[in-house]
Amino acid sequence: MPLPRFGGLVPKIDLEKKTLLLVAGPSGAGKTVFINQYRSRTLAPELTRLLPANAERWPQIGANDCMKRGVGIDRVLPREWPAPGGIAHYDTAYVHRFGLGYEHDPVSELFLNAGQVIVVSIRPPAETLKAQFEARTARQRAAKKTSHVLWKDHVRRPIERAIGRIKGIDPRDTGELYRDAGWLNRCYDEWTTFAGHLIRGKPGSRLIALEPCLDDRGNQSFRLISAS
C-alpha cells in the first residue's frame with residue numbers, strides 16, 4: 001500500500017522529535033472517555049503503564065479536522081508545542097463515509113512522520129458500538145436547539161450530499177455504516193493494517209488494542225486485547 005510522506009506542511013515543527021499518542025476507533029467507541037480517564041489519572045494502572053510517561057498533559061489534536069474542515073495539518077497542530085508529544089483523537093470510521101482508505105486522509109502525514117507513535121485502538125463489538133453511538137447521538141441532539149437540529153437534518157445535510165454528488169462523492173452517514181453487518185470487521189482490519197505501517201521502523205512505537213467494558217463498580221473501563 002503506497003503511503004504519502006511528509007511534504008513540509010508544518011516546517012516549523014520537527015515531527016521526528018515528537019511522540020504521538022494516537023487514540024483511534026470508530027465514532028462512539030469511547031475515545032473521549034479513554035482520554036479523559038488518562039488525563040484525570042483514573043485509567044486502570046495496567047493500561048497507564050503501556051502509555052508514554054508523563055503524557056497526561058500533552059496537547060490534544062483533533063486529527064479528523066483536516067478532512068472535516070478542509071484544512072492543512074498546520075491548522076490542527078498546537079500553535080505552541082513545547083511538550084515532547086501530543087494526544088491525537090482519530091475517528092477511524094470517518095474516511096469510510098467517503099469510500100476512502102486511511103492513506104488518503106491528509107492527516108496521515110502527521111501519523112507517518114512523528115518520530116514515535118503509540119496507537120491505542122478501541123474496538124467495541126458491533127452491538128456495543130451501535131448502542132453507544134446511538135446513545136451519544138441522542139444526547140448531542142437533545143442538547144441542541146430544535147431549530148438547529150431541523151436545519152441540519154433538512155437543509156445543511158441534503159445540501160452537503162448534493163454538492164458531494166456533483167463532485168462524484170456520495171458520503172454515507174455513520175449510522176448507515178454501522179447497520180452494515182460486515183463493515184465493522186473490515187474497518188478494524190484495515191485500520192490494524194494501516195497502524196502496522198505507522199509503527200514500523202519507529203523505535204518505541206507500539207499498537208495497543210482495547211475493548212470497552214464495565215469495571216466491578218459498573219463504571220466504564222477498558223479491557224486489554226493485545227499489545228505489540
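Each value in this text was obtained by applying a stated rule to the coordinates, not by laboratory testing. Being a predicted model, the structure only gives us computed values, none of them experimental. When we count neighbours, we look across all protein chains shown, and the Cβ atoms used for this are built from the backbone with ideal geometry, even at glycine.
The figures follow:
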read-out	value
Modelled FRET efficiency - R0 22 Å, residue 36 with residue 223, Cβ distances, 0.05 increments	0.80
Stokes-Einstein D for the range 17-227, Kirkwood Rh over Cα pairs, 10 °C, 1.306 mPa s (µm²/s)	87
Cut-off under 5 Å, modelled amide H: who pairs with residue 30 long-range	none
Sequence-distant residues sharing a close amide H with residue 121 (under 5 Å, placed H)	24, 208, 209, 210
For the range 36-132, size of Cβ-based charge dipole, Lys and Arg +1, Asp and Glu -1, in debye	280
The range 17-227, dipole about Cα centre (Lys/Arg Cβ +1, Asp/Glu Cβ -1), debye to the nearest 20	600
³J(HN,Hα) computed for each position of the range 119-134 - Karplus, 6.51 cos²θ - 1.76 cosθ + 1.60, integer Hz, glycine/proline x	8, 10, 9, 9, 10, x, x, 3, 5, 5, 4, 4, 5, 5, 5, 5
Radius of gyration and Dmax over the Cα atoms of the range 40-110, both given in Å	14.3, 38
Rg to Rh, two decimals, where the range 1-123 supplies the alpha carbon set and Rh follows Kirkwood	0.95
3J(HN,Hα) from dihedral phi, the range 213-228, Karplus parametrisation 6.51/-1.76/1.60, rounded to Hz, x for glycine, proline	7, 10, 7, 4, 9, x, 8, 5, 9, 9, 10, 6, 8, 6, 8, 9
Above-threshold pairs, the threshold being 30 Å between Cα atoms, out of 31/202; 68/202; 18/130	18/130
Length gained when the stretch residue 75-residue 179 is fully extended (0.36 nm per residue, less Cα-Cα span)	34.1 nm
Sequence ranges 72-85, 119-132, 211-224, 184-197, ranked by mean other-Cβ count within 10 angstrom, highest first	119-132, 184-197, 72-85, 211-224
Computed log₁₀ I(q)/I(0) - Debye formula, equal Cα scatterers, no solvent, the range 61-101, q 0.26, 0.27 Å⁻¹	-0.94, -0.98
Estimated FRET transfer efficiency (residue 188, residue 46; beta-carbon r; R0 22 Å; 0.05)	0.45
